[in-house]
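These notes concern the structure reproduced below.
The values are calculated or read from the model by the stated rules, or taken from the named source; none is laboratory data. The shown structure was predicted, so the numbers you read here are calculated from the model rather than taken from an experiment. All Cβ positions, glycine included, derive from the backbone under ideal geometry; neighbour counts span all protein chains shown.
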Amino acid sequence: GAVVSQHPSWVICKSGTSVKIECRSLDFQATTMFWYRQFPKQSLMLMATSNEGSKATYEQGVEKDKFLINHASLTLSTLTVTSAHPEDSSFYICSARPQGAKGNTIYFGEGSWLTVV
Amino acid sequence: AQRVTQPEKLLSVFKGAPVELKCNYSYSGSPELFWYVQYSRQRLQLLLRHISRESIKGFTADLNKGETSFHLKKPFAQEEDSAMYYCALAERGKLIFGQGTELSVKP
């Protein structure tokens, strides 16, 4: 089946530094990828929609200068948390829609835990 | 405005008991609804979608447009069903998730 992989699975960074999370579709091409944020035992909040070769579309309230999204190829999207602060600590999940998929077929990555100290 | 509502944060049942996880939605037009499951320390997995009208792991969900609901049901809960369950609505290619319900099945 289709696999979406995120790297790193968990990362600890110092406050004020930047950290990059990668999302890869391993066996399919994805023109669209989505980034979510999830707090423990809470819902997934959509942060942005990443389209290959174009700018990401951010949801209301999400700072695009803080959460930089790049979708440089059909198999890779990256989320960079710039100048991270402790309140950015969260579980970040990406998902990808296969190119040409019918309906709303979406596959999820395993998530990345970010802890800012 | 909340588009997908799961009123119960936690649902605790005994093994063999029936289970119903509630989901209500707000959407104009024909909705496309899903149930996702997240087992402990694992990724989110699609459980079922209303358009396929299938039964996965004994779970079923029926779309009731009159009541704007898409409740998830299973007649006999198993311990391995313990997990977080999320109802989701597809909107312009994006998935909007409910708050999630933690199902705990006790032996």
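Quick check: is even one residue across segment B:51-65 among the β-branched types (Val, Ile, Thr) and crowded, with 20+ Cβ neighbours inside 10 Å?
Of segment B:51-65, the ones among the β-branched types (Val, Ile, Thr) are B:51, B:56, B:60.
Add one more test, that the residue is crowded, with 20+ Cβ neighbours inside 10 Å, and what stays is none.
No - not one qualifying residue is present in segment B:51-65.
Conditions (1) more than 10 Å from every other protein chain (Cβ to nearest Cβ); (2) among the aliphatic types (A, V, I, L, M); (3) within 26 Å of B:Ala83 (Cα to Cα); (4) not in a strand (DSSP E or B), marked per residue:
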{"residue": "A:Phe28", "(1), (2), (3), (4)": "yes, no, no, yes"}
{"residue": "A:Lys64", "(1), (2), (3), (4)": "yes, no, no, yes"}
{"residue": "A:Ala72", "(1), (2), (3), (4)": "yes, yes, no, no"}
{"residue": "A:Glu110", "(1), (2), (3), (4)": "no, no, yes, yes"}
{"residue": "A:Leu114", "(1), (2), (3), (4)": "yes, yes, yes, no"}
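A:Leu44 passes every criterion in (1) free of Cβ contacts under 8 Å to residues at least 40 places away in the same chain; (2) within 10 Å of chain B (Cβ to nearest Cβ); (3) not hydroxyl-bearing (Ser, Thr, Tyr) apart from (1).
If I filter segment B:79-94 down to residues being part of a helix (DSSP H, G or I) and in contact (Cβ under 8 Å) with a residue 40 or more places away in the chain, which single residue comes out as farthest from A:Arg97 (Cα to Cα)?
The initial filter retains those residues of segment B:79-94 that are part of a helix (DSSP H, G or I), namely B:79-81.
Then keep just the ones that are in contact (Cβ under 8 Å) with a residue 40 or more places away in the chain; that gives B:79, B:81.
Details: B:Glu79: 32, B:Asp81: 27 Å.
So, considering only residues that are part of a helix (DSSP H, G or I) and in contact (Cβ under 8 Å) with a residue 40 or more places away in the chain, the one farthest from A:Arg97 (Cα to Cα) is B:Glu79.
Tell me yes or no: at least one residue of segment A:84-106 is under 29 Å from B:Leu47 (Cα atoms) and in contact with a His (Cβ under 7 Å, 6 or more places away or on another chain). If you could, list the steps in order and put the result at the bottom.
Restricting attention to segment A:84-106, the residues satisfying the condition of being under 29 Å from B:Leu47 (Cα atoms) are A:89-106.
In the following step, the residues that additionally are in contact with a His (Cβ under 7 Å, 6 or more places away or on another chain) were identified as none.
No; the residues of segment A:84-106 include none that is under 29 Å from B:Leu47 (Cα atoms) and in contact with a His (Cβ under 7 Å, 6 or more places away or on another chain).
Using the structure shown, decide if A:Thr75 is farther than 23 Å from B:Gln38 by Cβ and buried (at least 18 other Cβ atoms within 10 Å of the Cβ). Yes, satisfied.
Can you tell me which residue among A:Thr82, A:Thr17 is modelled with pLDDT of 95 or more, exposed (fewer than 15 other Cβ atoms within 10 Å of the Cβ) and not hydrophobic (A, V, I, L, M, F, W, C)? I'd like the intermediate steps shown before the answer.
Details: A:Thr82 fails: exposed (fewer than 15 other Cβ atoms within 10 Å of the Cβ).
Of A:Thr82, A:Thr17, the one residue that is modelled with pLDDT of 95 or more, exposed (fewer than 15 other Cβ atoms within 10 Å of the Cβ) and not hydrophobic (A, V, I, L, M, F, W, C) is A:Thr17.
Return yes or no: is B:Leu33 facing another protein chain (nearest Cβ under 8 Å) and either assigned to a strand (DSSP E or B) or surrounded by 15 or more Cβ atoms within 10 Å (Cβ to Cβ) (or both)? Spell out the reasoning first.
On the way: facing another protein chain (nearest Cβ under 8 Å): no; either assigned to a strand (DSSP E or B) or surrounded by 15 or more Cβ atoms within 10 Å (Cβ to Cβ) (or both): yes.
No: the conditions fail for B:Leu33.
Only residues that are of a type in the set (Val, Ile, Thr) and not in a strand (DSSP E or B): list them for segment A:38-62, please. Matches in segment A:38-62: A:Val62 only.
Can you say whether B:Glu20 is among the charged types (D, E, K, R), under 15 Å from the mean Cα position of the chain (by Cα) and part of a loop (DSSP other than H, G, I, E, B), as far as the supplied structure shows?
Details: among the charged types (D, E, K, R): yes; under 15 Å from the mean Cα position of the chain (by Cα): yes; part of a loop (DSSP other than H, G, I, E, B): no.
It is false that B:Glu20 is among the charged types (D, E, K, R), under 15 Å from the mean Cα position of the chain (by Cα) and part of a loop (DSSP other than H, G, I, E, B).
Hey, can you tell me all the residues within segment B:53-107 that are over 23 Å from B:Ser40 (Cβ atoms), within 14 Å of chain A (Cβ to nearest Cβ) and among the small types (Gly, Ala, Ser)? Across segment B:53-107, the qualifying residues are B:Ala90, B:Gly93.
Regarding A:Ser83, is this residue small (Gly, Ala, Ser) and within 12 Å of another protein chain (Cβ to nearest Cβ)? No.
Scan A:Thr75, A:Thr105 and give me the residue that is in contact with a strand residue (DSSP E or B) (Cβ under 7 Å, 6 or more places away or on another chain) and at pLDDT 90 or above. Steps first, answer last, please.
Numbers: A:Thr105 fails: at pLDDT 90 or above.
Unique residue meeting the criteria: A:Thr75.
Quick check: is even one residue across segment A:88-97 more than 13 Å from chain B (Cβ to nearest Cβ), outside any loop (DSSP other than H, G, I, E, B) and touching a residue at least 24 places away in the same chain (Cβ under 8 Å)? Within segment A:88-97, one or more residues are more than 13 Å from chain B (Cβ to nearest Cβ), outside any loop (DSSP other than H, G, I, E, B) and touching a residue at least 24 places away in the same chain (Cβ under 8 Å).
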